[in-house]
1. Could we say that VAL50 is within 16 Å of ALA129 (Cα to Cα) and at pLDDT 90 or above here?
2. Of the residues GLY48, GLY30, which single one is open to solvent by less than 30 Å² (accessible area, probe 1.4 Å), out of contact with any Leu (no Cβ under 8 Å at 6 or more places or on another chain) and within 19 Å of LEU88 (Cα to Cα)?
3. Just wondering, is there one or more residues in segment 91-114 that are out of contact with any Ser or Thr (no Cβ under 7 Å at 6 or more places or on another chain), part of a strand (DSSP E or B), open to solvent by less than 90 Å² (accessible area, probe 1.4 Å) and farther than 16 Å from PHE16 by Cα?
4. Those residues that are out of contact with any helix residue (DSSP H, G or I) (no Cβ under 7 Å at 6 or more places or on another chain) and either modelled with pLDDT under 85 or crowded, with 17+ Cβ neighbours inside 10 Å (or both), I need them from segment 115-129; list them, please.
5. Would you say ALA79 is modelled with pLDDT under 90 and either within 30 Å of ALA117 (Cβ to Cβ) or open to solvent by 70 Å² or more (accessible area, probe 1.4 Å) (or both)?
6. Please specify each residue of segment 11-23 satisfying the condition of being closer than 21 Å to LEU126 by Cα and surrounded by fewer than 16 Cβ atoms within 10 Å (Cβ to Cβ).
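The values are calculated or read from the model by the stated rules, or taken from the named source; none is laboratory data. Being a predicted model, the structure only gives us computed values, none of them experimental. Don't worry about glycine lacking a Cβ; one is built from the backbone with ideal geometry, like all the others, and counts go over all protein chains shown. Side chains included, ligands, DNA and RNA excluded: accessible areas come from the protein's heavy atoms. Shrake-Rupley method; radii C 1.70, N 1.55, O 1.52, S 1.80 Å.
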Amino acid sequence: MATFHFELVSPEKLLFSGEVDAVVAPGAEGQFTVLESHAPLMTVLKPGVVEIDEAGKKDRLFVRGGFADVGQGGFTILAEFAIPVAELDAAKIDADIKNAGEDVADAKSDEARRLAAEKLDQLKELKAALGL
């Protein structure tokens with residue numbers, strides 16, 4: 001299978017850079033697969049799992065939004081937040097959701113309530129995207 005260059009970058013670090021066979025990404029209008037010689041494309045990403053096929057080896061990373069750009073130089077994802085799925089723990093996510101819900105209920109100001117609700121929503125999106 002023909003390969004192409006793929007990079008996944010978050011504000012913290014470069015999470016992946018290399019030659020791949022295919023990448024499946026969670027676009028705003030649904031999942032899409034990029035293969036070598038894909039037509040140029042730029043889209044917004046929704047929270048979900050990016051699946052990377054590198055010479056038969058599959059990597060999965062959770063992304064929380066961002067942008068995807070397919071061009072002549074390959075495919076680049078600029079993620080707002082990204083983490084390898086293997087590093088996630090369902091019990092910890094459930095505990096974090098419970099704590100975030102308590103933070104929303106205990107918030108003393110509108111701004112604190114908004115921030116706590118945003119964190120709670122992000123954790124719920126993570127859990128839903130992973131099917132936990």
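1. Working: within 16 Å of ALA129 (Cα to Cα): yes; at pLDDT 90 or above: yes.
Taking the combined requirement at face value, the residue satisfies it.
2. Working: GLY30 fails: within 19 Å of LEU88 (Cα to Cα).
Unique residue meeting the criteria: GLY48.
3. Initially, segment 91-114 is screened for residues out of contact with any Ser or Thr (no Cβ under 7 Å at 6 or more places or on another chain), giving 91-114.
So of that shortlist, the ones also part of a strand (DSSP E or B) come out as none.
No.
4. Initially, segment 115-129 is screened for residues out of contact with any helix residue (DSSP H, G or I) (no Cβ under 7 Å at 6 or more places or on another chain), giving 115, 118, 121-122, 125, 128-129.
Residues satisfying the conditions are GLU118, ASP121, GLN122, GLU125, ALA128, ALA129.
5. Numbers: modelled with pLDDT under 90: no; either within 30 Å of ALA117 (Cβ to Cβ) or open to solvent by 70 Å² or more (accessible area, probe 1.4 Å) (or both): yes.
For ALA79, the condition - modelled with pLDDT under 90 and either within 30 Å of ALA117 (Cβ to Cβ) or open to solvent by 70 Å² or more (accessible area, probe 1.4 Å) (or both) - is not met.
6. Just the residues of segment 11-23 that are closer than 21 Å to LEU126 by Cα, to begin with: 11-16, 23.
The answer is PRO11, GLU12, LYS13, LEU14.
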